[in-house]
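Engineer: Structure below; questions to follow.
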Amino acid sequence: MISKKCKSSFPAILFDLDGTLIDSVYEHTSAWAIALREAGIVLPNWKLHRRIGMSGKSFVRELLREVHRKPMPVHEIEAIEKRHDAEFSKRIADLEALPGARDLLWYLSSQGVKWAIASTGKSSQTHRLLKPLSIPKNVPVITGDDVTNTKPAPDAFVLAAERLGLSIGDSIVVGDSVWDLLAAVRKSALGVGLLSGGYSQEELERAGAFRVYEDPRDMLIHLEQLGIPGPDTQPHEKR
């Protein structure tokens, strides 16, 4: 049921950013590999990829358990995070929007559908990542700096919905990782998974995805499955 605060008959859409709208998951994996290796934590890249989408601190703590290392002091974990951020920052200028991302966001706005972005990344990093998408100024952008608990905690999505004047229960959470979908399920939001982050359809569905699409373009084509009128024809990517 749509809350009384909602002025639209459509649900709001709350988007993750990395791997959902921007093709950046494997750059994050590479940056983490470098930062962790310098701290003496060596694991195959596929194991790092499985945790992309979690907060940095949760990411490192899980990997420490994986290699049977004692917990690190917070300041050491923060140093690894900073090293990752510095390495990833070098790659941001070369990152591109995923297929259909700009078209999808434009179309939602044209139909009066409210949407927001909820990222785990730091504010300075997030706003650089947003450049290929040309986000309107009135669209809420939540970053890891805005909340106490980051993904897989649902706080970022909850705050994004509140900034739209809605509850998260009136929203659809769109993400590429199981962590996004677990966050959605915890607050009874409808979850939509995208394969563009490297997780399989089965994994995303098991984490709570109601529907799974290849990427933003595929989601745009199938919007009617989510209760939003879809375009009559497949759109061309705007540049």
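Engineer: Count the DSSP beta bridges whose two residues both fall in the chain, then state the antiparallel fraction as a percent rounded to the nearest 5.
Structural biologist: Just about 5 percent of them are antiparallel.
Engineer: Suppose all protein chains stay in the model; what accessible area per residue would a 1.4 Å probe give for the range 60-193, in Å²?
Structural biologist: Solvent-accessible surface per residue comes out at 45 Å².
Engineer: Using only the Cα atoms of the range 152-239, build the gyration tensor, take square roots of its eigenvalues as a ≥ b ≥ c, and label the shape rounded, prolate or oblate: rounded if a/c is under 1.5, else prolate if a/b is larger than b/c, else oblate.
Structural biologist: Taking the square roots of the gyration eigenvalues as a ≥ b ≥ c, the range 152-239 is oblate.
Engineer: Using only alpha carbon pairs under 8 Å that are at least six residues apart, calculate the relative contact order of the range 150-237 and give it in whole percent.
Structural biologist: Relative contact order for the range 150-237 comes out at 20 percent.
Engineer: With the cut-off at 1.5 for a/c, could you classify the range 69-169 from its C-alpha gyration tensor as rounded, prolate or oblate? It would help to have the intermediate numbers written out before the result.
Structural biologist: On the way: a/c = 2.89, a/b = 1.47, b/c = 1.97.
Verdict is oblate for the range 69-169.
Engineer: Still on this structure: Ranking request for peptides 204-212, 129-137: highest mean number of other beta-carbon atoms within 10 Å first, then the rest in descending order.
Structural biologist: 204-212, 129-137
Engineer: Mind telling me which of L36, L64, L226 comes out most flexible in a GNM of the chain, alpha-carbon contacts under 10 Å?
Structural biologist: Residue with maximal mean-square fluctuation among L36, L64, L226: L64.
Engineer: So, one more: At 7 Å along the Cα-to-beta-carbon direction for both H127 and A93, put a label point, then send me their distance in nm to one decimal.
Structural biologist: 1.9 nm
Engineer: Still on this model: Between their Cα atoms, which of K122/K151; K90/K131; K122/K187; K151/K187; K114/K137; K57/K151 are more than 19 Å away from each other?
Structural biologist: Where the Cα-Cα span goes over 19 Å, the pairs concerned are K122/K187.
Engineer: Go through 75-81, 178-184, 96-102 and give me the packing order, highest mean Cβ count within 10 Å leading.
Structural biologist: Descending mean neighbour count gives 178-184, 96-102, 75-81.
Engineer: Moving on to the next point. Residues in the range 79-123 near a label at R37, defined as backbone nitrogen under 15 Å from the 7 Å Cα→Cβ point?
Structural biologist: Answer for this model: 84, 87-88.
Engineer: While we're here: Please find the FRET efficiency linking W46 to S134, where r is the Cβ-Cβ separation and R0 is fixed at 30 Å, and quote it to the nearest 0.05.
Structural biologist: With R0 = 30 Å, the Cβ-Cβ based efficiency is 0.35.
Engineer: Relative contact order of the chain, please, whole-number percent, based on alpha carbon pairs below 8 angstrom and at least 6 residues apart.
Structural biologist: RCO, the chain: 25 percent.
Engineer: Something else: Rounded, prolate or oblate: which one fits the range 131-193, using the alpha carbon gyration tensor with axes a ≥ b ≥ c (rounded when a/c is under 1.5, else prolate when a/b beats b/c, else oblate)?
Structural biologist: rounded
Engineer: A further question follows. Quote the relative contact order of the range 8-56 in percent (integer), defining contacts as alpha-carbon pairs under 8 Å separated by 6+ residues.
Structural biologist: Numbers: 20 pairs, mean separation 15.9, N = 49.
That works out to 33 percent.
The values are calculated or read from the model by the stated rules, or taken from the named source; none is laboratory data. These numbers were taken from a predicted model, which means no experiment stands behind them. Cβ atoms come from the backbone with ideal geometry, glycine included; neighbour counts cover every protein chain shown. In case anyone asks, the SASA skips ligands and DNA or RNA and just uses the protein heavy atoms, side chains included. Shrake-Rupley method; radii C 1.70, N 1.55, O 1.52, S 1.80 Å.
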